[in-house]
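J.: Take a look at the following structure, please.
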2 protein chains.
Amino acid sequence: MKPPMTYDGRHLLADLYDCPVLDDVALVETALRDAAEQAGATVIGLHLHHFGEGQGVTGVALLAESHMSIHSWPEHGYAAVDIFLCGARHDPDAALQALVRHLAPARISRNMIRRGDLSGPPIE
Amino acid sequence: MKPPMTYDGRHLLADLYDCPVLDDVALVETALRDAAEQAGATVIGLHLHHFGEGQGVTGVALLAESHMSIHSWPEHGYAAVDIFLCGARHDPDAALQALVRHLAPARISRNMIRRGDLSGPPIE
């Protein structure tokens with residue numbers, strides 16, 4: 001499996017507030033898989049950890065195009081999301097919309113950061 | 001294993017340019033383990049993927065305090081790093097310094113982003 005041909009790194013950080021359910025590892029897994037699919041990204045591996053009954057979940061999807069993660073704090077109704085995709089044909093916002101559909105926050109703060117100023121020619 | 005007691009989310013994004021060796025999966029693993037140790041973070045899982053001979057490496061460390069990742073593009077000498085740590089006693093810059101020691105970039109661009117405005121009292 002090869003990484004994408006042209007580097008175009010975009011890193012979307014989003015803070016999701018007032019999410020109703022954040023201690024459900026299956027929900028986090030479903031959200032990550034759906035987000036990858038909606039962004040047209042390829043999942044290399046999906047890794048989840050539940051800190052215990054009623055506690056947070058950490059989920060990271062390794063992608064051919066970089067990664068996505070969710071870290072949740074149910075006691076605050078808060079989830080921290082990051083979506084790092086390289087390749088212009090992949091849309092971090094489509095992934096975020098999928099995560100939002102599953103996690104249902106009342107409020108979102110988002111921050112898109114361009115990653116890597118690669119002055120060389122595109123990789124062929 | 002419990003997540004840290006007090007939420008204090010800091011997400012450090014760093015672009016590492018002109019790194020001499022970026023297709024070595026063992027180097028990426030060593031860098032991530034050392035970075036976690038230097039930050040006083042607890043590794044829950046370490047996941048690596050090599051895209052092939054002379055090609056990039058993706059490495060993600062799941063931490064009790066969130067995650068760290070390295071994605072490398074050897075053809076550009078470029079590595080994209082993120083270090084997301086919650087808990088005031090953990091120092092993302094100490095982790096970055098460890099990554100820099102291993103990956104030896106000629107130039108770095110860094111961007112520290114505060115994650116999550118949790119207005120409730122600290123978790124006891």
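J.: Do we have A:Pro20 as crowded, with 18+ Cβ neighbours inside 10 Å, out of contact with any Pro (no Cβ under 6 Å at 6 or more places or on another chain) and more than 11 Å from chain B (Cβ to nearest Cβ) here?
T.: Working: crowded, with 18+ Cβ neighbours inside 10 Å: no; out of contact with any Pro (no Cβ under 6 Å at 6 or more places or on another chain): yes; more than 11 Å from chain B (Cβ to nearest Cβ): yes.
Spelling it out, it is not the case that A:Pro20 is crowded, with 18+ Cβ neighbours inside 10 Å, out of contact with any Pro (no Cβ under 6 Å at 6 or more places or on another chain) and more than 11 Å from chain B (Cβ to nearest Cβ).
J.: Among the residues of the stretch A:23-69, which ones are in contact with a Pro (Cβ under 6 Å, 6 or more places away or on another chain) and hydroxyl-bearing (Ser, Thr, Tyr)?
T.: none
J.: Would a scan of the stretch A:89-103 turn up a residue that is away from every other protein chain (no Cβ under 14 Å), at pLDDT below 95 and within 29 Å of B:Asp15 (Cα to Cα)?
T.: Yes, some residue in the stretch A:89-103 is away from every other protein chain (no Cβ under 14 Å), at pLDDT below 95 and within 29 Å of B:Asp15 (Cα to Cα).
J.: Scanning the stretch A:33-44 for residues that are touching a residue at least 40 places away in the same chain (Cβ under 8 Å) and aliphatic (A, V, I, L, M), which turns out farthest from A:Ala14 (Cα to Cα)? Full working, then the answer.
T.: Initially, the stretch A:33-44 is screened for residues touching a residue at least 40 places away in the same chain (Cβ under 8 Å), giving A:34-42, A:44.
Now restrict to residues that are aliphatic (A, V, I, L, M): A:35-36, A:39, A:41, A:44.
On the way: A:Ala35: 13, A:Ala36: 16, A:Ala39: 16, A:Ala41: 18, A:Ile44: 22 Å.
Only one residue tops the list, namely A:Ile44.
J.: Looking only at residues in the stretch A:32-83 that are among the charged types (D, E, K, R) and out of contact with any strand residue (DSSP E or B) (no Cβ under 9 Å at 6 or more places or on another chain), which one is farthest from A:Met112 (Cα to Cα)?
T.: Pass one, the stretch A:32-83, residues among the charged types (D, E, K, R): A:33-34, A:37, A:53, A:65, A:75, A:82.
From what is left, the residues that are out of contact with any strand residue (DSSP E or B) (no Cβ under 9 Å at 6 or more places or on another chain) are A:34, A:53, A:75.
Numbers: A:Asp34: 20, A:Glu53: 33, A:Glu75: 26 Å.
Step by step, filter the stretch A:32-83, then rank; the result is A:Glu53.
J.: Output the residues belonging to the stretch B:8-31 that are of a type outside the set (Gly, Ala, Ser) and more than 28 Å from A:Leu118 (Cα to Cα). Even if it seems obvious, please write down each step before you answer.
T.: Filtering the stretch B:8-31 down to residues of a type outside the set (Gly, Ala, Ser) leaves B:8, B:10-13, B:15-25, B:27-30.
B:Asp8 - this is the single residue of the stretch B:8-31 that is of a type outside the set (Gly, Ala, Ser) and more than 28 Å from A:Leu118 (Cα to Cα).
J.: Would you say B:His76 is within 11 Å of another protein chain (Cβ to nearest Cβ), surrounded by fewer than 24 Cβ atoms within 10 Å (Cβ to Cβ) and out of contact with any helix residue (DSSP H, G or I) (no Cβ under 6 Å at 6 or more places or on another chain)? Give the steps one after another, and end with the answer.
T.: Details: within 11 Å of another protein chain (Cβ to nearest Cβ): yes; surrounded by fewer than 24 Cβ atoms within 10 Å (Cβ to Cβ): yes; out of contact with any helix residue (DSSP H, G or I) (no Cβ under 6 Å at 6 or more places or on another chain): yes.
Taking the combined requirement at face value, the residue satisfies it.
J.: Kindly provide the set of residues from the stretch A:34-57 that are more than 8 Å from every other protein chain (Cβ to nearest Cβ), in a loop (DSSP other than H, G, I, E, B) and touching a helix residue (DSSP H, G or I) at 6+ places or on another chain (Cβ under 9 Å), ordered by number.
T.: The first filter runs over the stretch A:34-57 and keeps only residues more than 8 Å from every other protein chain (Cβ to nearest Cβ), leaving A:34-43, A:46, A:48, A:50, A:53-54, A:57.
Cutting the leftovers down to in a loop (DSSP other than H, G, I, E, B) gives us A:39-42, A:53-54.
Listed by number, the residues that qualify are A:Ala39, A:Gly40, A:Ala41, A:Thr42, A:Gly54.
J.: Taking A:Ser109 as the residue in question, decide whether it is of a type in the set (Ser, Thr, Tyr), under 24 Å from B:His50 (Cβ atoms) and within 12 Å of another protein chain (Cβ to nearest Cβ). Break it down into steps so the answer makes sense when it comes.
T.: Details: of a type in the set (Ser, Thr, Tyr): yes; under 24 Å from B:His50 (Cβ atoms): no; within 12 Å of another protein chain (Cβ to nearest Cβ): yes.
Taking the combined requirement at face value, the residue does not satisfy it.
J.: Checking the condition crowded, with 22+ Cβ neighbours inside 10 Å, in a strand (DSSP E or B), among the hydrophobic types (A, V, I, L, M, F, W, C) and out of contact with any helix residue (DSSP H, G or I) (no Cβ under 7 Å at 6 or more places or on another chain), which residue from B:Val60, B:Val81, B:Val28 passes?
T.: On the way: B:Val81 fails: out of contact with any helix residue (DSSP H, G or I) (no Cβ under 7 Å at 6 or more places or on another chain); B:Val28 fails: in a strand (DSSP E or B).
That would be B:Val60, the only listed residue that is crowded, with 22+ Cβ neighbours inside 10 Å, in a strand (DSSP E or B), among the hydrophobic types (A, V, I, L, M, F, W, C) and out of contact with any helix residue (DSSP H, G or I) (no Cβ under 7 Å at 6 or more places or on another chain).
The values are calculated or read from the model by the stated rules, or taken from the named source; none is laboratory data. Computed from a prediction, not measured in an experiment: that's the story for all the values here. All Cβ positions, even for glycine, are placed from backbone atoms using ideal geometry, and neighbour counts span all protein chains on display.
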